[in-house]
1. Scan segment 103-120 for residues that are of a type in the set (Lys, Arg) and at pLDDT 95 or above and jot them down.
2. Residues to consider are ALA100, ALA62; find the one that is open to solvent by less than 70 Å² (accessible area, probe 1.4 Å) and at pLDDT below 95.
3. Just for segment 201-215: of the residues that are of a type outside the set (Val, Ile, Thr) and buried (at least 22 other Cβ atoms within 10 Å of the Cβ), which one is farthest from CYS279 (Cα to Cα)?
4. Condition check: surrounded by 15 or more Cβ atoms within 10 Å (Cβ to Cβ), more than 20 Å from the chain's Cα centre (by Cα) and part of a helix (DSSP H, G or I). Does PHE187 satisfy that?
5. What about SER119, is it surrounded by 21 or more Cβ atoms within 10 Å (Cβ to Cβ), touching a residue at least 40 places away in the same chain (Cβ under 8 Å) and outside any helix (DSSP H, G or I)?
6. Tally time: how many residues in segment 253-298 are within 23 Å of the chain's Cα centre (by Cα), open to solvent by 40 Å² or more (accessible area, probe 1.4 Å) and among the basic types (Lys, Arg)?
7. If you take the residues in segment 299-340 that are of a type in the set (Val, Ile, Thr) and more than 17 Å from ARG250 (Cα to Cα), which one is surrounded by the fewest Cβ atoms within 10 Å (Cβ to Cβ)?
Amino acid sequence: MAEHMRLDGEWPALAWPLALKDALTLQTRESLQKTARLLKLRDWVDEQDKDALVGGLLSVLADSAVESTRLWDEERWSLIRKLVKNNGLMADAPQSGPAAYYLAERGIAFPGEVKGKKSLVMPTELVERFAKLEGLSGTPAQVKRNTEHVKLTQGLLYYYGVLEESELEARLIALTGETPEGGPDMFEVLVEALDFRAMYDVDEDGLYANLDVEEPQELLRIQQAREDLSFREFTKAELLKAGEPDYVERTKAHQELAGYLAREYAVDKQEADTIAEICADTFKNGKSMSAAFEILQFEFSIEDAKTVEEVGGLLARLNNGTRQWVLKGHRPDELQMTVGGGVPSNVLAMPQRSHQADVISIQTGRKIGRNDPCPCGSGKKFKKCCGAAAD
């Protein structure tokens with residue numbers, strides 16, 4: 001992840017139009033060295049003399065900045081189009097957000113005050129250079145491909161939690177029909193995207209993870225131990241939808257819990273929806289219903305037996321209907337066999353009990369006990385029927 005510059009405190013006054021030399025002169029030596037590193041201008045990364053840095057970057061920065069956009073997605077590309085269209089000035093920019101950090105660190109546009117208003121300003125030399133690009137008024141094919149790869153990655157991680165680099169690559173190729181040949185490396189695109197926005201995480205072993213996964217390596221271990229359970233397959237359209245920023249799969253059970261909280265505890269709908277999402281994420285991480293109940297207990301101090309029963313039923317439905325990472329994107333209720341089989345062994349035989357995705361009784365809100373009647377309807381005790389698979 002990028003070590004972002006700070007934009008708090010006093011903002012520098014900037015002229016508009018802005019000359020590139022003036023913009024670079026306002027930067028620290030360390031900032032200029034970082035710009036050289038990010039744009040792969042290796043001749044200048046270790047230069048200690050600031051004046052030499054400014055002079056060296058002046059002649060190569062514009063072309064290198066344009067070249068760097070081959071890794072961008074549509075969101076970043078739209079910033080360039082807007083800046084060029086407005087002759088280098090973006091007065092309504094999210095100055096303290098990712099756009100300002102990302103563009104300033106690459107020497108493309110700089111935050112400052114123009115006539116007393118906080119703005120992003122692109123130097124004239126870069127405006128002229130970007131304006132010469134073919135297709136600037138639209139979106140280049142490479143940018144569209146990058147966008148698709150980023151969104152598909154986010155969608156896959158939304159449902160699976162973690163994916164190793166080799167598995168992720170195979171799935172992206174299968175979904176898009178494209179190979180890495182003939183364009184930028186897809187993982188270079190994915191890692192570069194993280195400098196702009198925290199969409200997912202990747203560790204030094206090349207393990208990609210959804211940001212809400214608590215222990216990525218442990219989740220990977222659990223998934224790998226589940227050789228009897230294949231990944232749930234999703235369509236490209238489903239993954240692109242799940243790859244949108246802030247996407248939440250609001251299942252019927254999710255909406256029921258959020259509606260109950262809003263109605264019974266007089267919280268606004270957005271807060272109730274967020275709490276339901278947190279509970280669903282608890283189940284995604286393979287935790288028990290008691291862990292989700294503790295979240296609600298902390299928020300609302302649930303005490304009377306009637307409310308406990310109602311909330312237990314809502315949480316049971318949410319658990320059973322949530323696609324869980326320990327189940328490789330399946331829901332517990334999808335893995336229940338409706339005829340003559342009850343709960344299949346691939347649900348019960350979790351490698352570690354604390355990570356078991358339990359099937360919960362909707363009537364009682366409790367896990368199915370070893371001595372309870374088997375949910376398959378055989379009339380036998382659970383431990384003598386489907387539960388025997390867990391032994």
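1. Keep residues of segment 103-120 that are of a type in the set (Lys, Arg), which gives 106, 115, 117-118.
Matches in segment 103-120: ARG106 only.
2. Values: ALA62 fails: at pLDDT below 95.
After ruling out the rest, the residue left standing is ALA100.
3. First pass over segment 201-215, keeping only residues of a type outside the set (Val, Ile, Thr): 201, 203-212, 214-215.
Applying the additional criterion that residues be buried (at least 22 other Cβ atoms within 10 Å of the Cβ) yields 208-210.
On the way: TYR208: 23, ALA209: 19, ASN210: 16 Å.
That would be TYR208.
4. Values: surrounded by 15 or more Cβ atoms within 10 Å (Cβ to Cβ): yes; more than 20 Å from the chain's Cα centre (by Cα): no; part of a helix (DSSP H, G or I): yes.
For PHE187, the condition - surrounded by 15 or more Cβ atoms within 10 Å (Cβ to Cβ), more than 20 Å from the chain's Cα centre (by Cα) and part of a helix (DSSP H, G or I) - is not met.
5. Details: surrounded by 21 or more Cβ atoms within 10 Å (Cβ to Cβ): yes; touching a residue at least 40 places away in the same chain (Cβ under 8 Å): yes; outside any helix (DSSP H, G or I): yes.
Yes, satisfied.
6. Qualifying residue count, segment 253-298: 1.
7. Keep residues of segment 299-340 that are of a type in the set (Val, Ile, Thr), which gives 302, 307-308, 311, 322, 326, 338-339.
Now restrict to residues that are more than 17 Å from ARG250 (Cα to Cα): 302, 307-308, 311, 326, 338-339.
Details: ILE302: 16, THR307: 14, VAL308: 15, VAL311: 22, VAL326: 26, THR338: 9, VAL339: 7.
Going through the qualifying residues, I end up with VAL339.
Table: residues versus (1) of a type outside the set (D, E, K, R); (2) without any contact (Cβ under 8 Å) to a residue 12 or more places away in the chain.
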{"position": "ARG145", "(1), (2)": "no, no"}
{"position": "HIS149", "(1), (2)": "yes, no"}
{"position": "ASP195", "(1), (2)": "no, no"}
{"position": "ALA209", "(1), (2)": "yes, no"}
{"position": "ASP212", "(1), (2)": "no, no"}
{"position": "PRO216", "(1), (2)": "yes, no"}
{"position": "GLU227", "(1), (2)": "no, yes"}
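The values are calculated or read from the model by the stated rules, or taken from the named source; none is laboratory data. Only a predicted model underlies this, so the values are computations on that prediction, with no experimental measurement involved. We place every Cβ from the backbone using ideal geometry, glycine too, and count neighbours over all the protein chains shown. The protein model used for the area step is the full one, side chains on, heavy atoms only, and it has no ligands, DNA or RNA in it. Shrake-Rupley method; radii C 1.70, N 1.55, O 1.52, S 1.80 Å.
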